[in-house]
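Undergrad: Submitted below is the structure of interest, expressed as structure tokens.
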Amino acid sequence: MKAVSAPHHLATEAGHRVLSEGGNAVDAAIAVVAAQGVVAPETCGLGGDLFALVHQPGWDRPKTLNSSGHSGSNIDASRLRDAGLTSIPLDHPTVASIPGGVDGLVTLCDKLGSKDLHSLLTPAIDLASGGFTVSDELAGSFLRQADRYRQNLAVSDFFPSGIPVAKGSRVTREDLAATLADLATSGDRNTFYLGQAGTDIIEAVDGLITTDDLARSQAEWIDPLGVEVFGHTAWTTPPNSQGYLGPASLAVFEMLDPPDDTDDPMWWHLLIESYRCLAWERDDLVSDIRFGRLDPDEMVSRMRLESLSKTIQPTSGVWPASMGGLGSTAYMCTADDDGMLVSIIQSNYRGLGSPFGAARSGFLLQDRGLGFNLIPGHPNELGPGKRPLHTLSPTLWTHGDQPAWSIGTRGGDIQPQLVAQMAARVVRGGQDVGTAQGSPRWSMTDFGPGTGSQLMCEPGLSETVVNDLRARGHQIQVTEKPQPGWGPMSVIGVDGDHRHTARDPRVETTAAIAF
């Protein structure tokens, strides 16, 4: 049995097509990522980064790829500080780090794929050249940011006659189709990075990224970070990713012996506090691994997590930090009938990404440089050749040497919160994936210096739970409807020959297939 889950049904169909034609789960993941970037540039694209975890029955751990881009060689934080700036401006070319996603796709294909890159990119090329129907999310993204992108040649396809595309209209992306076709034909990353796309990237950021920068692959095979929890090992990408927060929060949660009933107020309280006791210090701990203050294994060590678990009280605690906001990302997962499971995530970061585009190549550059700061000596201080703090948080769960779950989402800073909530339901609680996808979620983006728990919760919580949490010190705002930005989550469970998946109802384009 095979499965594909993605934020857009056309991306899911691309993965289904490749699996049906005999491709493995990695082949399908490449096709899904490429197609998603064509039909949903508000989530990801060739200008973004990529992380992936791949597991095969019998392996002792997943093969893990960090394909996040470094900052350009000509970056200089002192110039921004000398200009009186205390943070990186949204409209400064410094925000655009080197796109790592293409290196990731080529590397996955070469190392673990069973088909050539041309066949895997063909579904995306067909969508870009043949056209696709604009979704509500895509139309809304360009409408809200029309002033920012109307004159940007990289996305001119979305502004016919200068007017943002409307939902239901049909769009072709000929420049992007040509970029993908060149890459597909050669199968060589240099076709992209040292060809027309690379020239466009350098011009877009006024030379802060150089040809030498683009000549170096951004893809790196690394050791995954594993956390023992719920009788499984939850694997994720180590820093510069914040991925550890979800599994580590769940380990603390398990130590507190929570109730089994997900409608019990204490279940909610302990999960929320388990997350908060870790997340408040994220910005000081997550950075390019070469500059980190703690070894990644120490960040999730049993001793450290047990110590943190002892800080959890029956009432809400106080931690002194802020988590930032939401971002645009596409998380996807695939499984084949040989048991290979892939957890893969790709992103532009905030919304459509930066205001800087590869003009003749048909894509926008990410704004991951916003993960840096201008604080002298800080691990995330802006500097040349560094990877920024990354919100992408894919997880892949194993049981012994067998793949068990692939769980992830978009959501910027809140991704680990959503992963923790989903895993607590399906891995610990044994809840059906469809039920878990439709269950209410909570989110926090601002801890507030010296303040307590400030939560937003989706509708569907009982009045008993809401009142109990408020009595414990949680400040709660219940939203009027489920929140599209708190997902869409993609989930695949592997149980022998069976695959368990379901779409997230929060976003109309999502699709999940098990066949």
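The values are calculated or read from the model by the stated rules, or taken from the named source; none is laboratory data. The shown structure was predicted, so the numbers you read here are calculated from the model rather than taken from an experiment. With ideal geometry, Cβ positions are generated from the backbone for all residues, glycine too; neighbour counts draw on all protein chains shown. Just so you know, the surface numbers come from the protein's heavy atoms only, side chains and all, with ligands and any DNA or RNA stripped out. Shrake-Rupley method; radii C 1.70, N 1.55, O 1.52, S 1.80 Å.
Undergrad: Can you pull the accessible area of Thr501 for me, 1.4 Å probe, Å² to the nearest 10?
TA: Its heavy atoms expose roughly 30 Å² to the probe.
Undergrad: Shifting gears a bit: Name the shape class, rounded, prolate or oblate, that the alpha-carbon gyration tensor gives for region 307-450, where a ≥ b ≥ c are the square roots of its eigenvalues, rounded holds for a/c under 1.5, and otherwise prolate holds if a/b is larger than b/c and oblate otherwise.
TA: Oblate, since a/c reaches 1.5 and b/c is not below a/b.
Undergrad: Give the separation of the Cα centroids, region 345-378 to region 2-42, in Å.
TA: The distance from the Cα centre of region 345-378 to that of region 2-42 comes to 24 Å.
Undergrad: Where Lys and Arg each count +1 and Asp and Glu each count -1, what net charge lies around Asp157 among other residues with Cβ under 14 Å from its Cβ?
TA: Combined, the nearby Lys, Arg, Asp and Glu give +1.
Undergrad: What do you reckon, how do Arg410, Arg428, Arg144 stack up by accessible area (1.4 Å probe), largest on top?
TA: Arg144, Arg428, Arg410
Undergrad: Apply the Karplus parameterisation 6.51 cos²θ - 1.76 cosθ + 1.60, with θ equal to phi minus 60°, to every residue of region 425-437 and state each ³J(HN,Hα) to the nearest whole Hz, in sequence, with x for glycine and proline.
TA: Coupling constants for region 425-437: 7, 8, 7, 6, x, x, 6, 4, 4, x, 5, 5, 4 Hz.
Undergrad: How much net charge surrounds Arg216 when only other residues with a Cβ under 12 Å from its Cβ are counted (Lys, Arg +1; Asp, Glu -1)?
TA: Working: positive: Arg189; negative: Asp103, Asp212, Asp213, Glu220.
That works out to -3.
Undergrad: Something else: Rounded if a/c is under 1.5, else prolate if a/b is larger than b/c, else oblate: which is region 69-127, with a ≥ b ≥ c the root eigenvalues of its Cα gyration tensor? Walk me through the numbers before you get to the answer.
TA: Values: a/c = 5.71, a/b = 2.88, b/c = 1.98.
Prolate.
Undergrad: Moving to a separate point now. Based on the Cβ-Cβ distance of Thr479 and Asp212, what FRET efficiency does E = 1/(1 + (r/R0)^6) give at R0 = 45 Å, to the nearest 0.05?
TA: Efficiency at R0 = 45 Å is approximately 0.40.
Undergrad: A follow-up question, please. Which one, Met340, Leu392, Ile375, projects farthest toward the positive side of the charge dipole computed for region 267-417 from Cβ point charges (K/R +1, D/E -1)?
TA: Of Met340, Leu392, Ile375, it is Ile375.
Undergrad: Given 37 °C and 0.692 mPa s, compute D for the chain with the Stokes-Einstein relation, Rh being the Kirkwood radius over Cα pairs; round to the nearest whole µm²/s. Don't skip to the answer; put the middle values down first.
TA: Numbers: Rh = 22.6 Å.
Result for D is 145 µm²/s.
Undergrad: Follow-up question, since we're still on this one. Work out the FRET efficiency for Thr435 and Arg170 from their Cβ-Cβ distance, taking R0 = 22 Å, and round it to the nearest 0.05.
TA: That gives a FRET efficiency of 0.05.
Undergrad: Percent of accessible area on region 381-515 owned by carbon and sulfur, 1.4 Å probe?
TA: Result for region 381-515: 48 percent of the exposed heavy-atom area is carbon or sulfur.
Undergrad: Using only the Cα atoms of region 77-167, what do you get for the radius of gyration and for Dmax, in Å?
TA: Rg and Dmax of region 77-167, Cα atoms, are 18.5, 52 Å.
Undergrad: Based on the Kirkwood radius over alpha-carbon pairs, what value in µm²/s does the Stokes-Einstein equation return for the translational diffusion coefficient of region 10-103 at 20 °C and 1.002 mPa s? Walk me through the numbers on the way to the answer.
TA: Details: Rh = 15.9 Å.
Result for D is 134 µm²/s.
Undergrad: Summarise the accessible area of region 97-199 (1.4 Å probe, protein heavy atoms) by the percent that is carbon and sulfur. Write out the running numbers ahead of the final one.
TA: Numbers: 2090 of 4280 Å².
Carbon with sulfur: 49 percent of the solvent-accessible area.
Undergrad: Classify region 152-284: rounded, prolate or oblate, from the alpha-carbon gyration tensor (a ≥ b ≥ c, eigenvalue square roots; a/c under 1.5 rounded; otherwise prolate if a/b is larger than b/c)?
TA: Prolate, since a/c reaches 1.5 and a/b exceeds b/c.
Undergrad: Could you sort the peptides 105-116, 359-370 by per-residue average Cβ neighbour count (10 Å cutoff), highest mean leading? Mind dumping the intermediate values first?
TA: Values: 105-116: 20.1, 359-370: 26.7.
The packing order, highest mean first, is 359-370, 105-116.
Undergrad: Another question about this same structure. For the chain, what is the accessible area per residue in Å², given a 1.4 Å probe and the full set of protein chains?
TA: Dividing the accessible area of the chain by its residue count gives 35 Å².
Undergrad: Ser129 to Glu220: FRET efficiency via 1/(1 + (r/R0)^6), r the Cβ-Cβ distance, R0 45 Å, to the nearest 0.05?
TA: On the way: r = 32 Å, r/R0 = 0.72.
In this case the efficiency is close to 0.90.
Undergrad: Right, here's the next one. In debye, nearest 20, what is the charge dipole magnitude of region 231-366 about its Cα centre with +1 on Lys and Arg Cβ and -1 on Asp and Glu Cβ, if you could check?
TA: Charge dipole of region 231-366: 820 debye, to the nearest 20.
Undergrad: Find how many whole Å separate the alpha carbon centroid of region 456-515 from the alpha carbon centroid of region 282-298.
TA: After rounding, the separation between the Cα centres reads 30 Å.
Undergrad: Right, here's the next one. Reported to two decimal places, what Rg/Rh ratio describes region 386-430 when computed on Cα atoms with Rh from the Kirkwood expression?
TA: Radius of gyration relative to Kirkwood radius: 1.05.
Undergrad: Still on this model: With runs of 4+ DSSP H residues as the only contributors, calculate the mean residue ellipticity of the chain at 222 nm using -39,500 (n - 2.57) per run, divided by the residue total and rounded to the nearest 500.
TA: Helices in the chain give a 222 nm mean residue ellipticity of -9500 deg cm²/dmol.
Undergrad: What percentage of the solvent-accessible surface of region 6-51, computed with a 1.4 Å probe over protein heavy atoms, is contributed by carbon and sulfur atoms?
TA: 50 percent
Undergrad: Let me ask another. Just how many % of Cα pairs in region 326-383 lie over 13 Å apart, if you round to the nearest whole percent?
TA: Values: 1175 of 1653 pairs.
The answer is 71 percent, as a whole percent.
Undergrad: Quick check: the distance between the Cα centres of region 172-188 and region 223-258, to the nearest angstrom?
TA: Using only Cα atoms, the two centres lie 38 Å from each other.
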